[in-house]
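The block underneath contains the structure these notes are about, expressed in structure tokens.
The values are calculated or read from the model by the stated rules, or taken from the named source; none is laboratory data. Owing to the predicted nature of the structure, the values given are computational and were not obtained by experimental measurement. Every residue, glycine as well, gets a Cβ built from its backbone with ideal geometry; the counts of neighbours run over all protein chains shown.
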Amino acid sequence: MHTWNIDTAHSVIGFKVKHLKVSTVRGSFGEFTGSVMSPDDTFTQSQVTFSAQTKSIYTNNEMRDNHLRSADFFESEKFPTISFTSTQVTQIDENNFTLTGDLTIKGISKSVALSVVFDGVGYDTKGQRVAGFDLTGRINRKDFGLTWNVALETGGVMVSDEVDIDIHIEAIEEKAS
């Protein structure tokens, strides 16, 4: 079994959500860990785990970030971690997969499916093997207890229920001991 650890310096755990029905707010988590366990370089039988610290959310606006950490959203003090554990990998073609797993936010776990593009395996400047993956998907934030919103006078709400997940991973293979 090969273990590949997420290289946080070359990875982004991001999301985007509609604001006021007309614009998109992007954000990311600055503190995260994760690994991929796979018997070979095809990654067809992989086991994937991931976690992010909710206090590390960043949207380029300190007031919004603090609001997202509050009881209105992530309740970072009570629920410091978002986690994902894979349950199935389905290969679509050579470089495309569906990764299904349990996503846990605020203590609520739901099965989600993410589209994965496998970008291949290469070597970094230190001679370490690296693998690249791009993951996308969509969740409904209300499914995870993220229900805060404000109704707009013009109709609709301030924050969309749908959140698009946008993750770019570079993982480094652990050397066999």
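Brief remarks on what is shown
- From the options Thr125, Thr59, Thr85, residue that is modelled with pLDDT under 95 and of a type in the set (S, T, N, Q): Thr125
- When residues of region 38-64 are limited to those that are part of a helix (DSSP H, G or I) and in contact (Cβ under 8 Å) with a residue 24 or more places away in the chain, the one surrounded by the most Cβ atoms within 10 Å (Cβ to Cβ): Thr54
- Applying the condition of being assigned to a strand (DSSP E or B) and among the aliphatic types (A, V, I, L, M) to region 65-110 and asking which residue is farthest from Val159 (Cα to Cα) yields Ile92.
- Within region 111-125, the set of residues being assigned to a strand (DSSP E or B) and on the phi < 0 side of the Ramachandran plot comprises Ser111, Val112, Ala113, Leu114, Ser115, Val116, Val117, Phe118, Asp119, Val121, Gly122, Tyr123.
- Some residue of region 156-173 being outside any strand (DSSP E or B) and under 25 Å from Thr54 (Cα atoms): yes
- Conditions (1) aromatic (Phe, Trp, Tyr); (2) without any contact (Cβ under 8 Å) to a residue 40 or more places away in the chain; (3) surrounded by 14 or more Cβ atoms within 10 Å (Cβ to Cβ); number of the one not met by Tyr123: (3)
- Test: residue in region 16-27 that is crowded, with 17+ Cβ neighbours inside 10 Å and of a type in the set (Ser, Thr, Tyr): no
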